[in-house]
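Inspection log for the structure reproduced underneath, given as structure tokens.
The values are calculated or read from the model by the stated rules, or taken from the named source; none is laboratory data. This one's a predicted model, so the numbers in the text were calculated from it and none came from an experiment. Cβ placement follows ideal geometry from the backbone for every residue including glycine, while neighbour counts extend to all protein chains displayed.
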Amino acid sequence: MEHYMESPTITDYAFRDELHRLVRAFVRSGGYRSPIPGWKPYPQNTALIERDNITIVQSYHQDKCSFWKDKGFENYAWVS
């Protein structure tokens, strides 16, 4: 982490560890179970992961996502 941030804080390390935990749980399930209760596959909803909070939303930036889809750019977008 020190390669990407000048002075990572304890909170930064905690966020890194939480992301690692979430990704490991997802991978170990074979991608079939979400480590976050209520988080369904895209496009059903999106998880907004912050340092100390995870929020599930139904339509994250729907206007921007619709633009990409309507213009045929969806194949070039990274969606997690």
**Prompt:** List pairs: first in the stretch 3-17 and farther than 21 Å from L48 by Cα, second surrounded by 10 or more Cβ atoms within 10 Å (Cβ to Cβ) and among the basic types (K, R), Cβ under 9 Å, 6+ apart or cross-chain?
**Reply:** P8/R16
**Item:** Output for the stretch 1-43, where each listed residue is farther than 28 Å from S66 by Cβ and of a type in the set (S, T, N, Q)
**Value:** S7, T9, T11, S29
**Message:** If S66 meets every condition in (1) small (G, A, S); (2) within 30 Å of D17 (Cβ to Cβ); (3) not in a loop (DSSP other than H, G, I, E, B) apart from one, which number is that one?
**Reply:** (2)
**Prompt:** When only residues in the stretch 1-52 that are surrounded by 12 or more Cβ atoms within 10 Å (Cβ to Cβ) and polar (S, T, N, Q) count, which is modelled with the lowest pLDDT?
**Reply:** S34
**Request:** Could you please find all residues in the stretch 57-80 being exposed (fewer than 11 other Cβ atoms within 10 Å of the Cβ) and modelled with pLDDT of 80 or more?
**Result:** Q58, D70, K71, G72, F73
